[in-house]
Amino acid sequence: DGRLTFYPGNQTVDLPFVDFMKRYGTVFLNAYTNSPICCPSRAAMWSGLFTHVTESWNNFKGLDPDYVTWMDLMEKHGYRTQKYGKLDYTSGHHSISNRVEAWTRDVDFLLRQEGRPMVNLTGDRKHVRVMEADWRNTDKAVNWIKEEAINLTQPFVLYLGLNLPHPYPSPYAGENFGSSTFLTSPYWLEKVTYEAIKIPKWSSLSEMHPVDYYSSYTKNCTGEFTKQEVRNIRAFYYAMCAETDAMLGEIISALTDTGLLKRTIVIFTADHGELAMEHRQFYKMSMYEGSSHVPLLVMGPGVKEQQQVPHVVSLVDIYPTMLDIARIPVPQNLSGYSLIPLLRGKAENEVSPGAPRPPWVLSEFHGCNVNSSTYMLRTGKWKYIAYSDGCSVLPQLFDLSADPDELTNVAIKFPVIVHSLDKILRSVVNYPKVSSSVQEYNKRQFMSWKQSLGQNYSNVIANLRWHEDWLKEPKKYENAIDRWL
């Protein structure tokens, strides 16, 4: 969650290496994901293109494996490149459940798709390496810096993708279930200030926006939760962020030990945030700040120190920025803009000789746990969220300066602002048309999957992640799908 990287969010947990990057570099106060879920978000970051351009509609559908990313271009221009850890930007990953839930989101039913969020404490006060796979990848990256990068005569670009701070799988709920366990050790939990943890306010279920209600239900969050449960989930999440920060620290230390830090640009960001029980949800897939606001910190030669940038930026800006760093001509068709002028602390009028950076960012979502295509435009103090065709589901408007927790939808109160923001949004993306093509895509994909199963269909669909609800009335849910088709 990007808000943890600047005040007041950083009061809850000690993140020494994020703080180090703030001291010696620039922090972006308003950086957003272009789609609040792993694969589509990473597709945007690696391609520099909005989600409706890449057509990365869900966690299974990303870029073609042979897509030319910024790293491919840097390699072509003489950079030594190396990738470790989670990439997840091409099509074909994630479970069948994940796909079927995304395809069937327009079906008129409500089924819990996730395990109920919970916490799990492991090990003792000496247990540092909780997420072992991430630590192994961090070790590989550290060794590569110390053994390879230090001897290179050419410039290098190293990418390290971590899974943390992501909830862990919840085996108690059956093998198909998602990741709803917040897991850490006492070592990391001690870095969290419990008193500083804010318990989020919740609207009553009856007052929730219909799309939020669907999300909350499918994420198994509509039941009773005590304040203690909510506080613990948030505390464990912050502890997982502290462990992530320590991995960042390993990279910074390796660059320091090899003398490379002074001539290396370091960028720290994420594909999306984590709601951690805000708005009665955990996970991502939402345009609320916890899910869509990402960290973005940059330090290195030419980057202004101790700078806080208020401009809205997003992950599509990474592509042109990387090319700019490498002095590679930036293609004209990109959705993003180079961050280099902002990183150098240039005034707005000096920024770019080319097209000026727009005063808005776009995020969109078309995957599971949300029963409508969703589009978010963030500009100035406003966050405007439109759904589906713009008519069948009411929009939301939040004034983030007066209502940073996004508890009051003021769309009805400010029709003129809604109208003008909707006009900007439609000039960027013809969203009713995109929503309708996603609906058609979902139906086509579901039909061909159903046909591929033949006689097994009823059994397979009943035993996906939603099996606990489905098996109570399987005929009812099959009939709902038939009506939709």
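The values are calculated or read from the model by the stated rules, or taken from the named source; none is laboratory data. If you're wondering where the values come from, they're calculated on a predicted model, not measured in any experiment. Cβ placement follows ideal geometry from the backbone for every residue including glycine, while neighbour counts extend to all protein chains displayed. Note: areas computed on protein heavy atoms with side chains; ligands, DNA, RNA excluded. Shrake-Rupley method; radii C 1.70, N 1.55, O 1.52, S 1.80 Å.
A few remarks follow.
- Look at where the Cα atoms of the range 366-433 and of the range 33-63 average out, and the two centres are 20 Å apart.
- Subtracting the Cα-Cα distance of T258 and L121 from 0.36 nm times their residue separation leaves 45.7 nm of extension gain.
- Where labels lie 7 Å past Cα in the beta-carbon direction, separation of R327 and D403 in nm: 5.0
- Taking amide H positions as modeled 1.01 Å from N, with prolines and chain starts lacking one, the residues under 5 Å from Y32 and 5 or more places away or on another chain are V294, V313, S314, L315.
- Carbon plus sulfur fraction of accessible area for the range 23-154, probe 1.4 Å, in percent: 46
- Stretching the chain fully between S437 and L152 yields a gain of 97.8 nm (0.36 nm per residue, less the alpha carbon separation).
- Charge dipole magnitude, Cβ of K and R +1, D and E -1 - the chain, Cα centre, debye nearest 20: 360
- Against the main long axis of the alpha-carbon atoms of the chain, helix 132-147 sits at an angle near 20°.
- For D64 and R483, the difference between the fully extended length at 0.36 nm per residue and the C-alpha to C-alpha distance is 147.5 nm.
- Members of K381/K413; K22/K346; K433/K475; K61/K450; K146/K304; K86/K219 lying beyond 21 Å, as alpha-carbon distances in this model show: K433/K475; K146/K304; K86/K219
- Degrees between helix 431-453 axis and first principal axis of the chain (Cα, 0 to 90, nearest 10): 70
- Principal axis extents of the C-alpha atoms in the range 339-435 (largest first, rounded to whole Å): 43, 31, 27.
- Surface accessible to a 1.4 Å probe, per residue, for the residues of the chain, Å²: 42
- Taking all pairs of distinct alpha-carbon atoms in the range 437-484, Kirkwood radius in angstrom: 11.5
- Whole-number D in µm² s⁻¹ for the range 7-63, Kirkwood Cα-pair radius fed into Stokes-Einstein, 37 °C, 0.692 mPa s: 246
- With Cα atoms, 0 to 90° folded angle of helix 415-428 axis to the chain main axis: 70
- Estimated Rh, the chain: Kirkwood, alpha-carbon pairs, angstrom: 23.2
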